[in-house]
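**Q** Right, I'll just put the structure down here and ask away after.
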Amino acid sequence: MPARALVAPAGGLAAPTPPKKSSVMMNASRGGWNDPELDALADGLRVAHARVANLSPLVRPQMTRHLLVITDLAKRDAALALRRLESFLSDLDGDENVP
């Protein structure tokens, strides 16, 4: 990240101001979103990404694409993304070809 240009006050150098944290980063650093639905979605996505990472190379690309669609949907509709994620995880649990 490039350094910010500073205008020095008369008679000295100005101290650089630290960048502000976004509200998303502040919420994430507290360990929760204060919304059970978003917390469940975030936890489920972590679990799903870990499970997909451990799949065989033959099925991993297709499952990764499916999971990325769910992740993208989460940006627009968290409730629908959570329902799709639960369905995705139950499909992984029910498939005998998936470890």
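Here, each number is a calculation from the coordinates, and none is a lab measurement. Nothing here was measured: the structure is a model prediction, and the numbers come from that model. Every residue, glycine as well, gets a Cβ built from its backbone with ideal geometry; the counts of neighbours run over all protein chains shown.
**Q** Hey, if you drop one equal point scatterer on each alpha-carbon of region 35-94 and run the Debye formula without solvent, what base-10 log of I(q)/I(0) do you get at q = 0.29 Å⁻¹?
**A** -1.30
**Q** Ranked highest first by the average count of other Cβ atoms within 10 Å around their residues, in what order do 53-65, 82-94 fall?
**A** 82-94, 53-65
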